[in-house]
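Some notes on the structure that comes next.
The values are calculated or read from the model by the stated rules, or taken from the named source; none is laboratory data. Please read these numbers as outputs of a predicted model, since none were measured by experiment. Note: ideal-geometry Cβ built from the backbone for every residue, glycine included; neighbour counts use all protein chains shown. Remember, those area values only see protein heavy atoms, side chains included, never the ligands or the DNA or RNA. Shrake-Rupley method; radii C 1.70, N 1.55, O 1.52, S 1.80 Å.
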Amino acid sequence: MNFLNPDVGQVFAKYQTQTKQALLTIRQWIFDIAQSSDEIGQIEECLKWGEPSYVSHAHKSGTTLRLSQLKTNPDEYGLYVHCQTTLIEEFRLAYPDFKYDKNRGVIFDSNQPIQTDAVKQFIFLALTYHYRKC
């Protein structure tokens, strides 16, 4: 696996195997979705708050998307966005049965199949957040 930032690779290496595989799949979707959308632009991979983070530098594109294995339960992982966005509120309306971390993230269980369509939708919404609000 090639990481744009070697520090990100070191964080992924510490994740539990099953959770790491889910997050690596989601990581790939982030790059695929960004590449297929002119609004998103090129993605930077970095660490924010010690977590793998993805942000577009295209002007007025989206908000940072962070991926993390939960410290309290390594079988769970989260997709996080800036808490001052309305993304979690919007997503909660569409997916009321999902588990949420307040207004910051959506939580998934690595023992369950990845919710492919929902996760891809969340990625797109996060990476185009500002673009859609203009």
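Looking only at segment 49-62, count every residue that is over 19 Å from S37 (Cβ atoms) and buried (at least 19 other Cβ atoms within 10 Å of the Cβ) and tell me the total.
Result for segment 49-62: 1.
When restricted to residues that are open to solvent by less than 30 Å² (accessible area, probe 1.4 Å) and in contact with a Lys or Arg (Cβ under 8 Å, 6 or more places away or on another chain), segment 84-101 contains 1. For V81, only one of the following conditions fails: (1) open to solvent by 30 Å² or more (accessible area, probe 1.4 Å); (2) aliphatic (A, V, I, L, M); (3) closer than 10 Å to A126 by Cα. What is its number? Every listed condition holds for V81 apart from (1). Can you list residue pairs whose Cβ atoms sit under 7 Å apart, with the first residue in segment 31-47 being open to solvent by 30 Å² or more (accessible area, probe 1.4 Å) and the second being in a strand (DSSP E or B)? Count only pairs 6 or more apart in sequence or on different chains. From segment 31-47, the pairs are F31/I43; Q42/S56; E44/V55; L47/S53. Just need a number here: residues in segment 91-134 that are touching an Asp or Glu at 6+ places or on another chain (Cβ under 8 Å), closer than 20 Å to Q18 by Cβ and of a type in the set (S, T, N, Q). Of the residues in segment 91-134, 2 are touching an Asp or Glu at 6+ places or on another chain (Cβ under 8 Å), closer than 20 Å to Q18 by Cβ and of a type in the set (S, T, N, Q).
Exactly one residue out of L23, L65, L70 is more than 18 Å from L127 (Cβ to Cβ), touching a residue at least 24 places away in the same chain (Cβ under 8 Å), open to solvent by less than 50 Å² (accessible area, probe 1.4 Å) and not charged (D, E, K, R), and it is L70. Evaluated against (1) open to solvent by 60 Å² or more (accessible area, probe 1.4 Å); (2) assigned to a loop (DSSP other than H, G, I, E, B), Q18 falls short on exactly one condition, (2).
Among strands (runs of 3 or more DSSP E) entirely within segment 31-134, having at least 2 residues that are modelled with pLDDT under 95 singles out 43-48, 51-56. With respect to the conditions (1) open to solvent by 10 Å² or more (accessible area, probe 1.4 Å); (2) in contact (Cβ under 8 Å) with a residue 60 or more places away in the chain; (3) of a type outside the set (V, I, T); (4) within 24 Å of D7 (Cβ to Cβ), N111 lacks only one, and its number is (4). Comparison of F12, F3 shows that the only residue that is touching a residue at least 40 places away in the same chain (Cβ under 8 Å), touching a Pro at 6+ places or on another chain (Cβ under 9 Å) and in a loop (DSSP other than H, G, I, E, B) is F3.
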